Amino acid sequence: MNCRSFRKRQVELLDACPDPATIADLLEHIAECSKCAQELREAQTVMARITPSQKLRDSSKVKERIMNSITDLNTTQQTDAYRRPGYRKLVHVGIFAAFLLLAIVATGRFTSRNGSISSPVYVTLAQASEFVRGVKTMHISARMRTIPQGHFDCIDLNAPLIPVEMWTQFGDLAMVRIQKQHRKIVADGKSTTMLMQTGGTPLAAKFDGLAEGCFSTLAPLLHPDTLFERESKAAESSDSDVNVATEFGSDGREKTILTISAKAQGDFSESDYLRNKSIIESYNIRIYTFDAQTSRCEGVQVYIRTGHGNVLVFETTKIEYDIPLDPSLFRLNVPKSATWLNESNETEVVRDTSSMQPDEFAQEFFDTLSRSDWQKARQFSESLLDNSDLRKMFGGLKIISIGKPFRSGLYPGWFVPYEIQLKSGQVRKHNLAIRNDNPKRQWIWDGGL
Amino acid sequence: MPVMLSEYSSGFPTDSQASEETGNCGWPQTLDEFELLVDNVLDRLVWYAFHTLGNADDAEDVVQEVLVRVYADRAKRRNVQRVMPYLYRMVANACRERCRRDRNKPTAIELDRLDNISDEKNGLQTQITIIDELQWIEHLLNQLPAKQAEVIRLRVIDDLPLSDIAQILGCLLPTVKSRLCYGLRKLRQIVSAPKEGNR
């Protein structure tokens with residue numbers, strides 16, 4: 001060993017319990033090299049100087065307090081267990097668990113189906129949660145199959161994978177920035193601002209607090225502790241299959257791969273219109289990769305199962321923890337020309353629509369646009385129809401047909417099929433999204449133009 | 001002059017000793033295993049929480065909270081192999097949460113908190129000595145980059161093996177080694193420089 005190699009490895013001699021086998025050559029070197037021996041002594045001296053001469057000992061009462069708490073806990077658990085009418089079933093569960101454990105040992109893998117979440121899954125999630133609880137900042141670069149200006153929850157299986165960037169700074173006032181090409185959302189801890197570029201005038205909106213509804217699919221990724229809780233609940237639910245496996249990554253390190261296969265949520269009995277339009281409304285497969293040693297989540301991939309195979313709709317390309325974030329990331333410059341969507345105060349009810357059927361409201365809505373009655377239209381669409389581009393496009397339209405309303409997926413409102421002819425002569429055929437889940441039960445237009 | 005590798009033994013059991021004493025059986029599943037773990041780790045965890053929070057009462061409360069969770073959630077964590085680093089991470093997180101919750105409370109070692117520390121094992125004079133020493137150590141460590149200081153703190157003040165430090169901090173062993181190496185090098189310069197405040 002030469003002096004250079006020694007300097008590189010000398011901290012091994014400063015470890016709490018160095019392995020004699022691995023340090024033998026280091027010891028051999030310092031026996032011969034007085035310069036390196038001196039260097040090591042200096043390092044040891046400085047360590048000695050900052051070693052407290054005494055340490056605080058625990059109060060003798062602490063252990064007693066802990067053990068008393070445990071006794072209370074045990075008593076409560078036992079009482080609860082015996083109160084539960086089906087506690088005897090636990091015996092059967094225990095036998096099943098034993099077989100399952102044998103299966104894990106035999107295969108090195110674990111698969112949980114329909115609610116029988118396992119220790120390995122909990123351990124993976126719990127360790128990852130413990131890790132992220134200490135994280136201060138996070139940056140995620142990802143790709144998502146979505147349209148550049150669309151809602152962050154919406155996916156489009158025919159769209160290319162486009163870049164999505166997310167930053168978050170944890171704390172009492174969590175700060176978040178999420179952006180893709182034509183849609184940006186910034187939460188500065190007090191409010192959330194959204195900016196969309198839809199072709200003409202930019203649209204902006206501001207909400208109090210952290211408006212996670214603007215990015216509800218991605219929000220859990222930025223709150224990994226919630227994400228893991230959510231995944232652990234999902235793993236327990238009857239609609240998910242959970243699989244934990246270990247494998248070696250391209251960096252040669254052991255990885256824990258957690259795979260959750262979840263069925264589509266929502267009611268599709270009337271229509272499949274919203275099926276596969278968001279991750280949660282799809283049969284999706286979520287794959288999390290954790291570093292086995294550090295429990296860091298290193299990657300997330302989401303596939304949607306379709307009749308033509310699995311389609312990748314989301315994947316992280318980089319996850320960074322505890323990196324310095326520029327404060328300007330959490331400020332959003334909204335152009336002066338932007339139309340603010342929710343600037344107006346409480347919408348004035350010009351016409352009570354609470355007793356209308358969905359198709360009646362759709363008829364009323366399009367009639368209003370055809371007359372270019374923007375005062376009334378504002379009631380139906382809050383302030384979106386203040387947008388001059390939309391006024392130009394839809395003012396004076398002609399209704400060709402209004403179809404039978406239907407519901408789909410998790411959407412709380414209705415879809416009404418329609419066919420209209422615009423002033424430009426263009427014919428549009430689509431589904432109007434309307435909802436009345438507000439305290440006054442007034443119908444509002446929610447999309448689909 | 002011979003190099004003494006055990007020169008920094010603090011009197012606390014090292015992690016490997018603690019593991020041996022707990023039978024190296026992983027996460028405690030029975031009350032007996034749990035009590036054995038408490039006997040072996042209580043001092044170390046309270047000490048870690050104490051020099052993180054600067055207050056003995058808070059340190060004891062945090063450790064109590066964590067150890068009760070250790071037992072309450074034992075089923076979930078039965079597969080955890082290396083218990084000690086996991087416990088340190090739990091205590092570190094609990095300390096951070098307590099600091100966040102009690103923003104008005106000091107997080108550094110402060111002498112005016114001494115009136116809170118008065119149990120039988122830790123006499124007032126001992127407390128003053130410990131806190132005085134820790135203040136001086138923190139004064140030195142605060143002159144280092146935070147990540148290097150954290151590794152030195154865990155290695156020297158908590159007497160933890162480097163492999164455990166890597167687990168606690170969630171980074172690779174070579175990273176921990178290089179942080180220790182560079183940190184100690186800088187510390188040597190700081191200690192040897194005749195600056196006011198360095199004794």
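Examine the stretch A:342-360 for a residue that is outside any loop (DSSP other than H, G, I, E, B), modelled with pLDDT under 90 and away from every other protein chain (no Cβ under 14 Å), and state whether such a residue exists. For the stretch A:342-360, residues outside any loop (DSSP other than H, G, I, E, B), modelled with pLDDT under 90 and away from every other protein chain (no Cβ under 14 Å): absent. Report yes if residue A:148 is in a loop (DSSP other than H, G, I, E, B) and at pLDDT 80 or above, otherwise no. It is true that residue A:148 is in a loop (DSSP other than H, G, I, E, B) and at pLDDT 80 or above. Mind checking whether some residue in the stretch B:110-117 is at pLDDT 85 or above and either more than 8 Å from every other protein chain (Cβ to nearest Cβ) or surrounded by 14 or more Cβ atoms within 10 Å (Cβ to Cβ) (or both)? No, because not a single residue in the stretch B:110-117 is at pLDDT 85 or above and either more than 8 Å from every other protein chain (Cβ to nearest Cβ) or surrounded by 14 or more Cβ atoms within 10 Å (Cβ to Cβ) (or both). Kindly indicate the residue of the stretch A:12-56 that is free of Cβ contacts under 8 Å to residues at least 24 places away in the same chain, under 30 Å from residue B:41 (Cβ atoms) and among the hydrophobic types (A, V, I, L, M, F, W, C) and also farthest from the other protein chains (Cβ to nearest Cβ) among those meeting that condition. Within the stretch A:12-56, the match that is farthest from the other protein chains (Cβ to nearest Cβ) is A:21.
Only one of B:179, B:155 is closer than 25 Å to residue A:13 by Cβ, more than 9 Å from chain A (Cβ to nearest Cβ) and modelled with pLDDT of 85 or more. Can you tell me which? Can you show your working first?
Working: B:155 fails: more than 9 Å from chain A (Cβ to nearest Cβ).
Only one candidate passes the filter, namely B:179.
Table: residues versus (1) facing chain A (nearest Cβ under 9 Å); (2) of a type in the set (Ser, Thr, Tyr); (3) closer than 24 Å to residue A:50 by Cβ.
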position: B:39; (1), (2), (3): yes, no, no
position: B:49; (1), (2), (3): no, no, yes
position: B:71; (1), (2), (3): yes, yes, no
position: B:82; (1), (2), (3): no, no, no
position: B:92; (1), (2), (3): yes, no, yes
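Exactly one residue out of A:148, A:163, A:202 is more than 14 Å from chain B (Cβ to nearest Cβ) and touching a Pro at 6+ places or on another chain (Cβ under 8 Å), and it is A:202. In this structure, does residue A:270 turn out to be in a loop (DSSP other than H, G, I, E, B) and charged (D, E, K, R)? The answer is yes for residue A:270. The residue list B:125, B:64 contains one member that is at pLDDT below 85 and of a type outside the set (Phe, Trp, Tyr), which is B:125.
Within the stretch A:413-432, identify whether any single residue is assigned to a loop (DSSP other than H, G, I, E, B), basic (Lys, Arg) and buried (at least 17 other Cβ atoms within 10 Å of the Cβ), and answer yes or no. No, because not a single residue in the stretch A:413-432 is assigned to a loop (DSSP other than H, G, I, E, B), basic (Lys, Arg) and buried (at least 17 other Cβ atoms within 10 Å of the Cβ). Scanning the stretch A:273-290 for residues that are part of a loop (DSSP other than H, G, I, E, B) and β-branched (Val, Ile, Thr) returns A:279, A:280.
Residues in the stretch A:200-221 include none that are under 25 Å from residue A:282 (Cα atoms) and modelled with pLDDT of 85 or more.
The values are calculated or read from the model by the stated rules, or taken from the named source; none is laboratory data. These figures come from a predicted structure and were not determined experimentally. Quick reminder, even Gly has a Cβ in these numbers, built from the backbone with ideal geometry, and neighbours come from all protein chains shown.
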